[in-house]
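Beneath this line is the structure, given in structure tokens, with notes to follow.
The values are calculated or read from the model by the stated rules, or taken from the named source; none is laboratory data. Since the model is a prediction, treat every value here as computed from it, not as a measurement. Cβ coordinates were reconstructed from backbone atoms using ideal geometry, including for glycine residues, and neighbour counts include every protein chain displayed. Accessible surface is based on the protein model in full, side chains and every heavy atom, while ligands, DNA and RNA are left aside. Shrake-Rupley method; radii C 1.70, N 1.55, O 1.52, S 1.80 Å.
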Amino acid sequence: MIRMTIDDLVALSPLLAIAAASVALMLVIAFYRDARAALVCALAGIALAFAMLPVAASKAPRQITQLLILDQYALFYLGLLFIAGFAVALLAHGYLGRLGGQLEEFYLVLLLATAGGAALVMSAHFVSFFLGLEILSVSLYVLIAYPRRSARGVEAGIKYLILAAASAAFLLFGMALIYAELGTMEFAQMASVMAGGDVRQELLLIGQAMIFVGVGFKLAVAPFHVWAPDVYEGAPAPVTAFIATVSKGAVFALLVRYFANLGYEVVQPFFPALAAIAVASMFVGNLLALAQTNVKRILAYSSIAHMGYLLVAFLAGGSLGATAVAFYLVAYFVTNLIAFGVVTILSGRREADEIEDYRGLFWRRPWLATTFLAALLSLGGIPLTAGFMGKFYVLMAGVESALWLLAVILVVNTMISFYYYLRVAFMMFRDAPEGEAAAIRPLPSFSFMGAAALALLMLLMVWMGVYPGPLVQTIRSMVAK
Amino acid sequence: MMASVPTEYGLLLAGTLFALGLIGVLVRRNIVFILMSLEIMLNATGLAFVTAGARWAQADGQVMYLFILSMAAAEVAVGLALVLKLQRQFKTLDADAASRMHG
């Protein structure tokens, strides 16, 4: 018998707030079509959900029915997801304004996608896992193909839909096999049932492997990465930022929680396969990025490589591994939001994603170019940036668990990655060639909200790189236990 | 009381359907048929959940099937909207036509 108490509702309040905001926004759109009102409504919804986190924290840790759990770990990632959703909404405003057409629903779907991610990081049961993932995915199909006249958007949307639906089927079949064998869908109970013995290991192994396929697709790790470059290129820039951060971050947080519940022994049979996936992701991402001329594709391949780095921290396991994953995810979120934010601000009716679009950017828009440069350096992992600290913690976790080979490969890959990050960076300092200067299209008008979001993210990134102590303390107390 | 079907048979049937759906997704080029093949895959997982629920005499498997059903409906709703956009943009339902991004 399931009973909900007031305490349960209080603990659920961040999710309730964002769901209520979605419904409210839908009503607003029905009666009053205005992009600005929709934006304010969405921002208010996410801010309200964020403000509910301390209220909910007073009840943590708390299991809410069988499906959801609210603990410090969930609170940490909820905060991260809400901040990212807020930033994407801010960045999208100026971009959508230049796109034209009816834009209000964009914010509605963005809210729903954020709610899906929030459900994912709170889930403690296959049902909530699946529902959160699907709310996120179905919202993303809509967001990717949102600009009505974009042929690339339709292509990206269809590619994502087919592959995401197929991977969801894999995930579900894996869940069904595990349920058939264990008789429970709760993460927390699985370990004890497995320890009880008398389960057929083969079915369990196939089930876990199929879950890995589904999750690996969402994370775009090699060999499940083929969709990523096309979808990153075809989707509107703010949506690409959302896919790179919220979608992947929520799934990774869930992956860590799932295996923390099941126990490290469950990962052991998969260790060689997972290590191979991590290595393949690093090499595929970094080597294929070398040949790209499109900035969004470069960032897509770079994010494939970053998921490989994260898998190293995941494989390291333990509390140091969890700390490294959390810190790396925060650094990855902030840096990617900045990088795609710059692309968003530069994009007008056409996406500013060819590397040539960035020729001489520093001489035309020095602040924007400096911001982009900082993001690229942080993605590469130059000291004094957030990305460096993230890589440092991942390496530390890897070395602590004696994953020497993975650690060495990580360092080698970091060096390869400098080449293509710096290629984009150098392009910004080149002079525009004579005669062609007139051909460079005029830059879109200044978007105040986008610039404000970028400035805040930039502050956050510098702070994380120069003075990471407080964040590490927070992560240690909230995530690593 | 009818003799119950062994769990293995149900899972095998579901696995076969799943494989057929997957082959359809990989082989078919018409986008509508790809969506239908995806439905077959999702329904195969539903069957697997019902079978698993029957083994443990729990309602959970059927509840999960209802969730899968509603999620598949949502997915097809968005999918068909995308099919319409594809037809309008490319004047074809061939999935290969919508493959202009390379690199």
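Based on DSSP H segments of at least four residues, each scored -39500 (n - 2.57), the protein assembly as shown has a per-residue ellipticity at 222 nm of -26000 deg cm²/dmol.
What is the ratio of the Cα radius of gyration of the stretch A:204-250 to 2.2 N^0.38 Å, with N the residue count, to two decimals?
So the Cα radius of gyration is 1.29 times the expected 2.2 N^0.38 Å.
To the nearest 20 Debye, how big is the dipole of chain B about its Cα centre, given +1 on the beta carbon of each Lys and Arg and -1 on that of each Asp and Glu? Could you put the intermediate results ahead of the total?
Details: 7 positive and 6 negative charges, 91 e Å.
Value, rounded to 20: 440 debye.
Peptide B:38-44 is shielded by partner chain Cβ atoms: per residue, an average of 4 of them sit within 10 Å of its Cβ. Extension gain for residue A:36-residue A:452 works out to 148.1 nm (0.36 nm per residue, less the C-alpha to C-alpha distance).
How big is D for the stretch A:171-311, in µm² s⁻¹ as a whole number, if Stokes-Einstein is applied with the Kirkwood radius of its Cα pairs at 4 °C and 1.567 mPa s? Taking Rh from Cα pairs, D becomes 81 µm²/s. A 1.4 Å probe run over the protein chains yields, for chain B, 56 Å² of accessible area per residue, whole-number rounding. Among the listed pairs A:296/A:391; A:248/B:85; A:59/A:248; A:159/A:391; A:59/A:296, a Cα-Cα separation exceeding 30 Å is found for A:159/A:391; A:59/A:296.
Between residue A:354 and A:295, the built amide H atoms are under 5 Å apart, and every one of these is 5 or more places off in sequence or on another chain. Remark: mean inter-chain Cβ contacts per residue of A:144-155 equal 4, using a 10 Å Cβ-Cβ cutoff to other protein chain atoms. Compute the long axis of helix B:31-56 from its Cα atoms, compare it with the longest principal axis of the Cα atoms of chain B, and write down the angle in degrees, 0 to 90, nearest 10. So the helix axis and the longest Cα principal axis differ by about 10 degrees. Relative contact order (percent) for the stretch A:45-95, with alpha-carbon contacts under 8 angstrom and 6 or more residues of separation? For the stretch A:45-95, the relative contact order is 39 percent.
Does chain B come out rounded, prolate or oblate, given a ≥ b ≥ c as the square roots of the eigenvalues of its C-alpha gyration tensor, rounded meaning a/c under 1.5 and, failing that, prolate meaning a/b above b/c? Taking the square roots of the gyration eigenvalues as a ≥ b ≥ c, chain B is prolate. Packing order of peptides B:43-50, A:84-91, A:33-40, highest average first: A:84-91, B:43-50, A:33-40 (average count of other Cβ atoms within 10 Å over each peptide's residues).
Summed over the residues of chain A and divided among them, the accessible surface reaches 35 Å² per residue at a probe radius of 1.4 Å.
Peptide A:174-187 shows a mean partner chain C-beta count of 6 within 10 Å per residue C-beta.
A simple packing score, the average count of other Cβ atoms within 10 Å per residue, orders the peptides A:117-125, A:310-318 as A:117-125, A:310-318, with the highest score first.
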